[in-house]
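What follows is one structure encoded as structure tokens, with my remarks underneath.
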Amino acid sequence: MRRHHVVIGSLCVISIGLLSLGAGIPARANAAALAPSSWDALADDYFDQVEFKLQPVAGTSAGFHQYDVQLEDYSRRGVDTEIAAKHAFEKRVESFDPKSLDPTRAADRELLLSSIRGDLLTLETIRPWEKNPDTYSSGITNSVFTIMSRTFASPDDRLRSVVAREKQMPAALAAARENLKNPPLIYTQVAIGQLPGITDFFQHDVPDAFAKATDPQVKSDFAQSSAAVIKALGDYQDWLKNTEVPVSHGDFRLGAIAYSKKLLYDEMVDIPLDRLLEIGKADLHRNQAEFERVAKELDPAKTPHEVLAELAADHTTPDHLLQTFRDTFDSLVGFIQQKHIITIPSQVRPIVEETPAFMRALTFASMDTPGPFETHATEAFFNVTLPGPHATPEEIEGHMAEFNRGTVISTAVHEAYPGHYIQFLWMAQAPSKIRKLIGAASNAEGWAHYCEQMMLDEG
């Protein structure tokens, strides 16, 4: 904030000086000329002084590595600090006259305002810090994963950052015990279900990722900080099972008012909820009717459910699933180039790998791309969740049915070509810092789902 005031002050001095020298430039015109740079400084202030200062893991993910040794303050005081900071910045953005900005910056102003208001809705009304135990355990895990997964610095330097964050994690889990109040049972169950994978991540995945570290001191520090985190996670899991499960009677529903505001702030959607429900049901019924039509064409003697089961049974084996996705990427790239569908800015393929253990409870497949300001480690990872090592034959069959032949193709289209991965490759050409760092699910997921239909339409 102080830096922004300095910029504004110096610009005011310049404008006054020009007028006093008889330059003849109207004050209003001069202010309009200076507005773009003032807005850019304000946007920089938001990310530097609010967003990444209070959410440093997001800064690391975006590619700003000055935040790598910091961790969010999960305490109630930290929550209140973030709320106050975002309310203050909301007023600063509101007071900036959009008429003085070009169309891109004026739209960015609306985007930033919506993002701040969406964050405040989450913090003050939805309150995941009070309702969702997984916010803490998965949050601290992700803080290490963002450093571990990409080689933007040497193993020793990145491990030092891991140690710095790990030292703050027991306090984060202690804050959870203070903050959580009557969470929904499903949230507590999800957190408990995630914790074995999280603990395994700290016990095995993180040490394996830094096996090439050579500094004896940082390795010794890591052994201590890691042991403390693993113990804290075990205590947290026991506390959730024994103390929180019996008192987890909360409601996960947002309610109509909060949900409408969330749609408005996060997606800029102001359609009434009852109308949205009508639209969704109509689309569902259209898809059901279309599937019934196609099923009859495939086999008139079978019901649509029988046809669906037959399609689901057409899948590869778990040990060939990753390679199946790699081969599908190759065929999709060839198809896109043959049909001249979209320019692919890079020929580098995403790295196909098994989903990290701590993410497997909630995802079947996902795309993990580097932040828009990451300059050193630009790998993208396509994560695929394989059946667990202790899964029964029936569980394996059910799992692999979700990766049937058709779903593998549509998933590859959605996540990579020309879905999320291509969108990421073009992100570098977004016209502003705000466009690169703030997005909407309706844009990202809307593009990916559009691509699924478009690729079918293209043949």
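The values are calculated or read from the model by the stated rules, or taken from the named source; none is laboratory data. Given the structure is predicted, the values throughout are model-derived calculations rather than measurements. Quick reminder, even Gly has a Cβ in these numbers, built from the backbone with ideal geometry, and neighbours come from all protein chains shown.
For region 209-265, how many residues meet the condition of being under 26 Å from the mean Cα position of the chain (by Cα) and part of a helix (DSSP H, G or I)? Break it down stepwise before answering.
Initially, region 209-265 is screened for residues under 26 Å from the mean Cα position of the chain (by Cα), giving 209-210, 226, 229-230, 232-233, 236-237, 240, 250-265.
Filter again for part of a helix (DSSP H, G or I), leaving 209, 226, 229-230, 232-233, 236-237, 240, 256-265.
Going through region 209-265 one residue at a time, the tally reaches 19.
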>> So for region 396-414 (the condition being surrounded by 15 or more Cβ atoms within 10 Å (Cβ to Cβ), in a loop (DSSP other than H, G, I, E, B) and out of contact with any Lys or Arg (no Cβ under 7 Å at 6 or more places or on another chain)), does at least one residue qualify?
In response: yes
> T104 versus (1) farther than 30 Å from F222 by Cβ; (2) among the polar types (S, T, N, Q); (3) touching a Phe, Trp or Tyr at 6+ places or on another chain (Cβ under 7 Å): which is the lone unmet condition?
Replying inline: (3)
>> Kindly evaluate D319 against the criterion of being exposed (fewer than 14 other Cβ atoms within 10 Å of the Cβ), within 30 Å of P370 (Cβ to Cβ) and modelled with pLDDT of 95 or more.
In response: yes
>> Filter region 156-182 down to the residues that are surrounded by 18 or more Cβ atoms within 10 Å (Cβ to Cβ), of a type outside the set (A, V, I, L, M, F, W, C) and over 23 Å from the mean Cα position of the chain (by Cα) and list them by number.
In response: R160, P170, N179
>> Quick check on L322: is it under 21 Å from Q453 (Cβ atoms) and in contact with a strand residue (DSSP E or B) (Cβ under 9 Å, 6 or more places away or on another chain)?
In response: no
>> Kindly evaluate Y259 against the criterion of being aromatic (F, W, Y), closer than 30 Å to I116 by Cα and in contact (Cβ under 8 Å) with a residue 24 or more places away in the chain.
In response: no
>> Going residue by residue through region 321-332, is there one that turns out to be in a helix (DSSP H, G or I) and under 30 Å from Q189 (Cα atoms)?
In response: yes
> Between a first residue in region 289-300 that is more than 11 Å from L311 (Cβ to Cβ) and a second residue that is at pLDDT 95 or above and assigned to a helix (DSSP H, G or I), which pairs have beta carbons less than 9 Å apart while being 6 or more apart in sequence or on different chains?
Replying inline: E292/P304; K296/P304; K296/V307
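One line per residue, one yes/no per condition, for (1) under 25 Å from V162 (Cα atoms); (2) surrounded by 15 or more Cβ atoms within 10 Å (Cβ to Cβ); (3) touching a strand residue (DSSP E or B) at 6+ places or on another chain (Cβ under 7 Å); (4) among the charged types (D, E, K, R):
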residue: S61; (1), (2), (3), (4): yes, yes, no, no
residue: Q66; (1), (2), (3), (4): yes, no, no, no
residue: E72; (1), (2), (3), (4): yes, yes, no, yes
residue: R76; (1), (2), (3), (4): yes, no, no, yes
residue: E82; (1), (2), (3), (4): yes, yes, no, yes
residue: K86; (1), (2), (3), (4): no, yes, no, yes
residue: E90; (1), (2), (3), (4): no, yes, no, yes
residue: V93; (1), (2), (3), (4): no, yes, no, no
residue: F96; (1), (2), (3), (4): no, yes, no, no
